[in-house]
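Participant: Sending over a structure as structure tokens; questions will come in a sec.
The values are calculated or read from the model by the stated rules, or taken from the named source; none is laboratory data. In this text, all values refer to a predicted model and were calculated from it rather than measured experimentally. Here the Cβ is made from the backbone with ideal geometry for all residues, glycine too, and neighbour counts use every protein chain on show. Only protein heavy atoms, including side chains, enter the accessible area calculation; ligands, DNA and RNA are left aside. Shrake-Rupley method; radii C 1.70, N 1.55, O 1.52, S 1.80 Å.
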Amino acid sequence: MSSFVLDKEAFVRRVKRLYTEWKAPSTGHDDALGNLDCIMSVVGCDEDVIYSKSLALQIWLLGYELTDTISVFASDAIYFLTSKKKIEFLKQAQNISEEGVPEIKLLVRDRTDKDKGNFEKLIKSIQNSKKGKRLGVFSKDSYPGEYCESWKKILMESQFEHVDISTIIAYLMCPKDESEINNIRKASLVSMDIFNKYLKDEIMDIIDSDRKVKHTKLSDGCDAAIAEKKYTSGLDPRLLDMAYPPIIQSGGSYSLKFSAASDKNVLHFGVIVCSLGARYKSYCSNISRTFLVNPTEAMQENYTFLVNVQEEILKLLVPGAKLCEVYEKTLAHVKKEKPNMVDNLTKTFGFAMGLEFRENSIVIGPKCQALIKKNMVFNLHVGISNLTNPEAADKEGKTYALFIGDTVLVGEQSPASVMTPSKKKIKNVGIFIKDDSEEEDVDDKKASKEDQGSEILGRSKRNAVLDSKLRNEINTEEKRKEHQRELAQQLNARAKERLAKQGNSKEVEKVRKNTVSYKSISQMPREPEVKDLKLYVDKKYETVIMPVFGIQVPFHISTIKNISQSVEGEYTYLRINFFHPGATMGRNEGGLYPQPEATFVKEVTYRSSNLKEHGEVVAPSANLNNAFRLIKEVQKRFKTREAEEREKEDLVKQDTLILSQNKGNPKLKDLYIRPNIVTKRMTGSLEAHTNGFRYISVRGDKVDILYNNIKSAFFQPCDGEMIILLHFHLKYAIMFGKKKHVDVQFYTEVGEITTDLGKHQHMHDRDDLAAEQAERELRHKLKTAFKSFCEKVETMTKSIVEFDTPFRELGFPGAPFRSTVTLQPTSGSLVNLTEWPPFVITLDDVELVHFERVQFHLRNFDMIFVFKEYNKKVAMVNAIPMNMLDHVKEWLNSCDIRYSEGVQSLNWQKIMKTIVDDPQGFFEQGGWSFLDPESDGEEDNETAESEEDEAYNPTDAETDEESEEDSEYSEASEDESDDSDEDLGSDEESGKDWSDLEREAAEEDRNHDYQPTDDKRNGTKFETKKSDMSSKHSRRDREEQRSSSSHSKKHKSNSSSSSSHLKSSSSKHGSSSSPSKSSKDKYHNRDKHHSSSSGHKSSSKSKDHDRKRSREDSRDNGHKAKKSRR
């Protein structure tokens, strides 16, 4: 026990309270403590005893349970008789010397004489305390064992008058101090986590999978969950325990008492009543809820009434009120609202709670006269039993009960604060299941009737995978399409009806206010510059006075568009441009000029010398320089003021924030605000008041957000994010930082957003592991704090403000602005809150969604949101991956939002303008059905496009010309490719050796006679024409062509010049084939008899041919050498 530390401050404070109450009782309903001479308590060793007054008093004073310990509180001293180890712990209290705290005397147990000597000392101390007759004891506490029995026997022999002080000590300990409230708050958090994260999810899973699970198994699961860290909010499991065995009841058998036990019956899918409570450092908490599976309207009405009754009791729990009066007022409320429910109500509405789970003497009942004090903690519960449900399909569902309970703390003001603010409205506890039989087509009705036997037993077919997996897979798309067809039919009717109600209200065209510089000539300045016909800037009236033809003419600063100044040689020029019709002042400038047909001054230029004359102090151009500077200054000030006025003109006046003086207001500290109030980012605190939030920065800037101006509130935890935030999407813009804002966000960073890459890091580095652990703890702490803040606000505002949390698992990527972000659906919106600017679409405002660029060969598609308010600009999300299309469709379909798709991007600005201009004509022509790919309009568009495609039919002549051009182009490319091939080595080189080719050529020479030149020329032309009209030759055909042309050339010794001319002409027209051309060049240069023709060829060949010729000459030399050897 030496390792345990006594909280001396708490010990002194509580001992003083005990002795003060003993000497001067303040309790009006029980004065038993004031008549006592001494107080005694015994704590034995019995594992079966969980709660006792003696144990509660001991833990309240010392903070720990000390078994086999006798405590005697005399008027002048406090005696403790216990073992040696426990005495070591109690020595920490012995050294305390505080006024109002009696002396602490410690007695060590002596087992040799069975503590007879110690018992005698204690008896004498009791006899010496005051009169020594009346002894305050806890009469109901009884511990087994020789030690306790011996002490009990000696007390009986001493014949003291025993007075039961259980009630008065319980009332003394009932108001909790700060440390006790913190312990109960932690216990409440564990109760909520086990209920929400384990029990609620488990029940939902059982209903989903249609499993048979006993109540006792669910209760045992809750008992086991308290040992798991994920359900204990990071608290030490050794300090945690269940306050009582969790109670799960269903199937018509309900007992709305905490002494009830979970039976072995199977969970019935009807009304499920759950109660559980956790203890932390022996301080108790409780939460009770009722789940309703497919409730009828009457059941929902009764449950809502029960929630309202609990809220009424919370209002009545104020310091100074009697508990019996709270009960009577609640009963009167029930008699007024639903008199038939009075007999069904629970007999009491709660009891005090703390170190003991139930304090029987402090009950919200008809006979308890105890006064409520600040910081009392109650287990507030209210229930209705023995209700009947005539619409139930089975026997178990005929009878049901409703029960809700919470741990509540009494504050200074009404209402009491709920420490277990788990949501309990019908939408949070109601489980609405649709049977497959309701969704099947008419053909499947017979099958569904056969399956009603299982439904009668209360088992839903919500996820009956084995029964309907294949059918569901086939019918999912069909059901979705069918649902969309129904939505399409409703869409036009609702839109038409809505527009009819709105009437023909059109936006009033804004007219630019006619600014007047001076209302009378008396306001004109009398400055020397005005008299001297110089430029003068009047800052007071924001006017520039300019000399025009010797007359001073005032121009208001709003008429000046811009000014420019330049210096050219000896002169300075000042050019002033004015606004006029046709100037670029925006898209709509029609109503900005009251008299657009009048004559306007477009620009004025002034010139002044830079040279000083004799006797002048400054140069004349100084006036222009000064005017330029002042005009810029006044213009800037005027534009800033106009911008602020424009920002403010659409603002809706907000109510005044009513500050709450209650110290227990929900509050979060060290938050950043987006957008920033000033350029520099600053932290501040967000506090909830009576009718709104107030954010105060460290600099003192204030931002007020009223509850009635919040359209949507979001809480995004830090799971997978680097920030945790609260976001408010407002109905009307508010003004701060000189700008209007509809979205306001409060956030704090979790961990390091930037990482130092230069830092040496290792995966097993202790510092890094410690930092990761610290970040995990910080994340959990922040998440708990933010969640607690949201729940307190929802309770305080009676759900006027409800925080939505985005469903991260339903998110999909998209680019609503410049960058791609993750868009996450909530229960009523589609949001991205992490990146700035935020993207918030309220689904109730959406008329329909259209998908653009939906084509199989594209990776992405776009998503267009058309709002019910047609004057509002459509919202667009770009670059959504194509594989997310079905996911997005399924989500929209589940939200009952009509969607359509198309392959093209539409001009939405023009479409919406057309609709707004003539809504009646739009709906007469089919309304939004034009977006449907199966609509007539779409088919007409397709036929029109096909007609346009068939409008242009090219003629045969054009086709021939194009084919000839193509062949020439391909032939020219073949020429180039062959030339390049010759540079690297021709096809013939790779196919046959030179000697083989020469041998073949000689054989051809012997077999063929010489042909006339004209015939050959004609033959060449014919071959060229044929090559033009033909497709590509195979490699073998090209080789044969080359060989035949080369053989014919060898027989043309008398016509070499004519053949060269023929070649040059054919190359110009691009008509000779490249294979024949290359073979001519090779063999022509190789033949000795054709050396005289080289001069003619040099004039018509390019440098490339010269290079080829030189390479081929070298090859010829090698070939000659071969011939000589042969």
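Participant: Only one of Glu835, Glu869, Glu847 is within 29 Å of the chain's Cα centre (by Cα), among the charged types (D, E, K, R) and in a strand (DSSP E or B); which?
Facilitator: Working: Glu835 fails: in a strand (DSSP E or B); Glu869 fails: in a strand (DSSP E or B).
None of the other options fit; the residue is Glu847.
Participant: Something else about it: How about the range 286-304: which of its residues are open to solvent by less than 20 Å² (accessible area, probe 1.4 Å) and among the hydrophobic types (A, V, I, L, M, F, W, C)?
Facilitator: If the condition is that a residue be open to solvent by less than 20 Å² (accessible area, probe 1.4 Å) and among the hydrophobic types (A, V, I, L, M, F, W, C), then Ile287, Phe291, Leu292, Val293, Met299 are the ones that fit.
Participant: Pairs, please: C-beta under 9 Å, at least 6 apart or cross-chain, first residue among the aromatic types (Phe, Trp, Tyr) and in the range 856-883, second in a loop (DSSP other than H, G, I, E, B)?
Facilitator: Every condition considered, the pairs that remain are Phe861/Arg853; Phe861/Val854; Phe861/Gln855; Phe865/Val874; Phe867/Lys873; Phe867/Val874.
Participant: Which one is farthest from Thr605 (Cα to Cα) among residues in the range 511-560 that are more than 55 Å from the chain's Cα centre (by Cα) and assigned to a helix (DSSP H, G or I)? Walk me through it before giving the result.
Facilitator: First pass over the range 511-560, keeping only residues more than 55 Å from the chain's Cα centre (by Cα): 518-536, 545-554.
Cutting the leftovers down to assigned to a helix (DSSP H, G or I) gives us 521-523, 528-531.
On the way: Ile521: 25, Ser522: 28, Gln523: 26, Pro528: 22, Glu529: 18, Val530: 18, Lys531: 20 Å.
Going through the qualifying residues, I end up with Ser522.
Participant: If you take the residues in the range 851-866 that are of a type in the set (A, V, I, L, M, F, W, C) and not in a strand (DSSP E or B), which one is nearest to Val903 (Cα to Cα)? Don't jump to the end; show me each part of the working.
Facilitator: Start the filter on the range 851-866 by keeping residues that are of a type in the set (A, V, I, L, M, F, W, C), which leaves 851, 854, 856, 858, 861, 863-866.
If we keep only those that are not in a strand (DSSP E or B) as well, we get 854, 856, 858.
Numbers: Val854: 5, Phe856: 10, Leu858: 10 Å.
Among those residues, the one meeting the criterion is Val854.
Participant: Condition first: acidic (Asp, Glu) and assigned to a helix (DSSP H, G or I). Now tell me which residues in the range 190-226 satisfy that.
Facilitator: Asp193, Asp201, Glu202, Asp205, Asp208, Asp220, Asp223, listed by residue number.
Participant: Could you please give the count of residues in the range 628-652 that are at pLDDT below 80 and either open to solvent by 50 Å² or more (accessible area, probe 1.4 Å) or not in a helix (DSSP H, G or I) (or both)?
Facilitator: Number satisfying all stated conditions: 9.
Participant: Are any of the residues in the range 3-15 open to solvent by 10 Å² or more (accessible area, probe 1.4 Å) and either over 58 Å from the mean Cα position of the chain (by Cα) or closer than 23 Å to Pro144 by Cβ (or both)?
Facilitator: The answer is no; no qualifying residue exists.
Participant: For the range 334-359, name all the residues that are loosely packed, with under 15 Cβ neighbours inside 10 Å and either in contact with a Gly (Cβ under 6 Å, 6 or more places away or on another chain) or under 28 Å from Pro175 (Cα atoms) (or both). Give the derivation first.
Facilitator: Keep residues of the range 334-359 that are loosely packed, with under 15 Cβ neighbours inside 10 Å, which gives 335-337, 339-340, 342-343, 347.
Within the range 334-359, Lys347 is the sole residue that qualifies.
Participant: State whether one or more residues within the range 803-822 are at pLDDT below 90 and assigned to a loop (DSSP other than H, G, I, E, B).
Facilitator: Yes, the range 803-822 contains at least one residue that is at pLDDT below 90 and assigned to a loop (DSSP other than H, G, I, E, B).
Participant: Which one of Leu843, Leu848, Leu823, Leu810 is within 20 Å of Ile897 (Cα to Cα), touching a helix residue (DSSP H, G or I) at 6+ places or on another chain (Cβ under 7 Å) and surrounded by 17 or more Cβ atoms within 10 Å (Cβ to Cβ)?
Facilitator: When all the criteria are applied, what remains is Leu848.
Participant: Still on this structure: Quick check on my filter: what residues within the range 63-112 are of a type in the set (S, T, N, Q) and closer than 20 Å to Leu155 by Cβ? Write out each step before concluding.
Facilitator: Just the residues of the range 63-112 that are of a type in the set (S, T, N, Q), to begin with: 67, 69, 71, 75, 82-83, 92, 94-95, 97, 112.
Selection gives Thr67, Thr69, Ser71, Ser75, Thr82.
Participant: Under 9 Å by Cβ, and 6 or more places apart or on different chains, what pairs join a residue from the range 537-549 that is within 16 Å of Asn623 (Cβ to Cβ) with one that is of a type in the set (A, V, I, L, M) and part of a loop (DSSP other than H, G, I, E, B)?
Facilitator: Partner pairs satisfying both residue conditions: Asp538/Met524; Val544/Leu535; Ile545/Met524; Ile545/Leu535; Met546/Leu535; Pro547/Leu533; Pro547/Leu535; Val548/Val601.
Participant: Filter the range 376-425 down to the residues that are of a type in the set (Val, Ile, Thr) and free of Cβ contacts under 8 Å to residues at least 24 places away in the same chain and list them by number. Please lay out each step first, then the result.
Facilitator: Filtering the range 376-425 down to residues of a type in the set (Val, Ile, Thr) leaves 377, 382, 384, 388, 399, 404, 407-408, 410, 418, 420.
Within the range 376-425, Thr388 is the sole residue that qualifies.
Participant: What are the residues in the range 131-163 that are touching a residue at least 24 places away in the same chain (Cβ under 8 Å) and within 60 Å of the chain's Cα centre (by Cα), if any?
Facilitator: Val137, Phe138, Ser139, Lys140, Asp141, Tyr143, Pro144, listed by residue number.
Participant: Continuing with the same structure: For residues that are modelled with pLDDT under 85 and charged (D, E, K, R), scanning just the range 28-43, find the one that is surrounded by the fewest Cβ atoms within 10 Å (Cβ to Cβ).
Facilitator: Residues of the range 28-43 modelled with pLDDT under 85: 28-35.
In the following step, the residues that additionally are charged (D, E, K, R) were identified as 30-31.
Numbers: Asp30: 16, Asp31: 11.
Among those that are modelled with pLDDT under 85 and charged (D, E, K, R), it is Asp31.
Participant: Of these, Trp928, Trp891, which one is in a helix (DSSP H, G or I), more than 17 Å from Leu491 (Cβ to Cβ) and at pLDDT 50 or above?
Facilitator: Only one candidate passes the filter, namely Trp891.
Participant: Condition test on Ala298, is it at pLDDT below 95, more than 42 Å from the chain's Cα centre (by Cα) and among the small types (Gly, Ala, Ser)?
Facilitator: The answer is no for Ala298.
Participant: Filter the range 705-743 down to residues that are assigned to a strand (DSSP E or B) and of a type in the set (Phe, Trp, Tyr) and give me whichever is most open to solvent (accessible area, probe 1.4 Å).
Facilitator: Across the range 705-743, the extreme among qualifying residues is Tyr732.
Participant: Take residues that are over 27 Å from Val5 (Cβ atoms) and tell me which of the helices (runs of 4 or more DSSP H) falling wholly in the range 67-170 contain 1 or more. Walk me through it before giving the result.
Facilitator: Working: elements: 84-94, 116-128, 146-158.
Hits in the range 67-170: 116-128, 146-158.
Participant: Scan (1) assigned to a loop (DSSP other than H, G, I, E, B); (2) crowded, with 18+ Cβ neighbours inside 10 Å for the single condition Asp46 breaks and write down its number.
Facilitator: In the conditions (1) assigned to a loop (DSSP other than H, G, I, E, B); (2) crowded, with 18+ Cβ neighbours inside 10 Å, Asp46 misses (2) alone.
Participant: Somewhere in the range 256-278, is a residue part of a strand (DSSP E or B), of a type in the set (Gly, Ala, Ser), buried (at least 17 other Cβ atoms within 10 Å of the Cβ) and at pLDDT 90 or above?
Facilitator: Within the range 256-278, one or more residues are part of a strand (DSSP E or B), of a type in the set (Gly, Ala, Ser), buried (at least 17 other Cβ atoms within 10 Å of the Cβ) and at pLDDT 90 or above.
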